[in-house]
Amino acid sequence: MTRILITTTSYHDNPGEHHELLAQAGFEIDWARGPLPEERMLETVGDVDGIICGDDAITRAVLEKAMPKLRVLSKYGIGVDKIDVEAATELGLPVLYTPGVNHTTVAEHTFGLLLALTKHIVEEANHTAAGRWERITGKEIMGKTLGIIGLGRIGKEVAIRGKAFGLNMLGYDIFWDDDFAGEYDVERMEDLADILKASDIVTLHTNLTPETRHLINAERLALMKDDVIILNCARGELVDTKAMVEALEKNKVGAYGTDVLDQEPPPPDHPLLSAKNCLITPHVASRTSESVQRQAGMATRNLILALSGEKPLAQVNDVPIKK
C-alpha cells in the first residue's frame, strides 16, 4: 500500500474535502505534527512514498534518507525555503506546491497587525478585560506612505486594501506589473534604499533566499524614518532579530508586527517575545477555514496526480513525473 507522511497541523485539524480525497485514494497515512526539525524528519522518513509537508526541515540528508522509496514531495503552501530543492532535483524528486491559495488571507492578516499596532487594540482590550479603563491615543493610517517589498500575489492584495484605506503606496520588486500598479496607484521604486527611506510603514512580502536573508538589518533600519512601522507576514529570517530588538528599544522602529520568526516555535527566551512594541502571531496569517480548504485540497490533488503518473497542478522544479 502507498504510504504518505503528512506533517502540517492545519491540514490535520481542519475537516474538509482534502480528508475525503485521501480516504478515496486509499493511502496508508503517517500523521506527525510539524514543523519537524531535521532530526525528527530523519526519524520519520525512509518508508514513505509521498510527503505533504509544511515548514519542516527537508534537507539533503532527509531527502537522501527518504530515497529511493520517496516519489513526491507536496508542499502545503507556497514557501519552499525549508526544502533543499536543488538536492531534490538532483535526486529526481518532484517538488510540488500550492500557489494562489492564501494571498487574500495573508493580506488581511497584514492589515490586522497594522491596525492592531496603530490603534493599540490588543493592549487596550487586555486593559479593559483586567478592569482598567485606560485609553491610549492611536494613529490613523490614512495618508501615510506604505512601502510594499514584493509585489507578487500577496503584495498586490495588500496594495488593493491599501488603496481602500487611503494609503500612498510605493512598491519594490524585480518583476513589475505596470497595469496593476497603474490601476492601484502604486509607485515603482527602483532602489530598495529609496523605498525604505520614504515609507512610514514597510511590509514584507518577498521570498526567503540567500539574497533576502536579513533584508532588514541594522544598516537598512538606519535608513528608515524614525517611528517606522514594519510588518512581516513572509519569513522571519528576512529580519535580523538582534537589529530589530535594538531598533525597537531605541524607538527607531515604532512597532514591529510579525506572523513569523526565525525560530518557530520560539524558545522562551527569544528576544522578540519581550521586545517593546512588538506584536507576534504564531504563523497563522494563511490559516483560515477558507484558505486551509484551498491549500490542503491543492496539496492533496498534487500528490495524488503525481503518484498516479499525471501532471500536478503546480511544480517547483523541472523533474519529470514518473508513470
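Quick notes on this structure:
- Whenever a residue of the range 12-27 is over 10 Å from residue 292 (Cβ atoms), its partners that are open to solvent by 40 Å² or more (accessible area, probe 1.4 Å) and assigned to a helix (DSSP H, G or I), lying with C-beta atoms within less than 9 angstrom and at least six residues away or across chains, give the pairs 17/293; 21/301; 21/304; 22/304; 24/304; 25/304; 27/304.
- 3 or more residues under 20 Å from residue 281 (Cβ atoms): qualifying strands (runs of 3 or more DSSP E) within the range 151-249: 201-204, 228-232
- Some residue of the range 259-268 being closer than 25 Å to residue 111 by Cβ, open to solvent by less than 10 Å² (accessible area, probe 1.4 Å) and not in a loop (DSSP other than H, G, I, E, B): no
- Some residue of the range 105-119 being more than 30 Å from residue 47 (Cβ to Cβ), open to solvent by 60 Å² or more (accessible area, probe 1.4 Å), in a helix (DSSP H, G or I) and without any contact (Cβ under 8 Å) to a residue 24 or more places away in the chain: yes
- Residue match in the range 93-100 (condition: of a type in the set (Val, Ile, Thr), in a loop (DSSP other than H, G, I, E, B) and buried (at least 22 other Cβ atoms within 10 Å of the Cβ)): yes
- Total residues in the range 234-254, condition touching an Asp or Glu at 6+ places or on another chain (Cβ under 7 Å) and among the hydrophobic types (A, V, I, L, M, F, W, C): 0
- The lone exception for residue 266 - which of (1) in contact (Cβ under 8 Å) with a residue 60 or more places away in the chain; (2) of a type outside the set (D, E, K, R); (3) more than 18 Å from residue 204 (Cα to Cα) it fails: (1)
- Count of the range 122-150 residues which are under 30 Å from residue 189 (Cβ atoms) and outside any loop (DSSP other than H, G, I, E, B): 5
- Matching entry among 207, 217, 232 (being touching a residue at least 24 places away in the same chain (Cβ under 8 Å), under 16 Å from the mean Cα position of the chain (by Cα), open to solvent by 30 Å² or more (accessible area, probe 1.4 Å) and under 27 Å from residue 187 (Cβ atoms)): 207
- Among helices (runs of 4 or more DSSP H) entirely within the range 1-81, having at least 3 residues that are modelled with pLDDT of 95 or more and open to solvent by less than 30 Å² (accessible area, probe 1.4 Å) singles out 60-66.
- Residue count for the range 175-187 under the criterion of being open to solvent by 90 Å² or more (accessible area, probe 1.4 Å) and on the phi < 0 side of the Ramachandran plot: the result is 5.
- Qualifying residue in the range 284-297 (condition: open to solvent by 40 Å² or more (accessible area, probe 1.4 Å) and in contact with a strand residue (DSSP E or B) (Cβ under 8 Å, 6 or more places away or on another chain)): no
- Residues satisfying the stated conditions in the range 129-155, i.e. closer than 22 Å to residue 103 by Cβ and surrounded by fewer than 22 Cβ atoms within 10 Å (Cβ to Cβ): 141, 152, 153
The values are calculated or read from the model by the stated rules, or taken from the named source; none is laboratory data. As the structure is a computational prediction, the values presented were derived from the model and not from experiment. Here the Cβ is made from the backbone with ideal geometry for all residues, glycine too, and neighbour counts use every protein chain on show. Note: accessible area is taken over every heavy atom of the protein model, side chains too, but ligands, DNA and RNA are not part of it. Shrake-Rupley method; radii C 1.70, N 1.55, O 1.52, S 1.80 Å.
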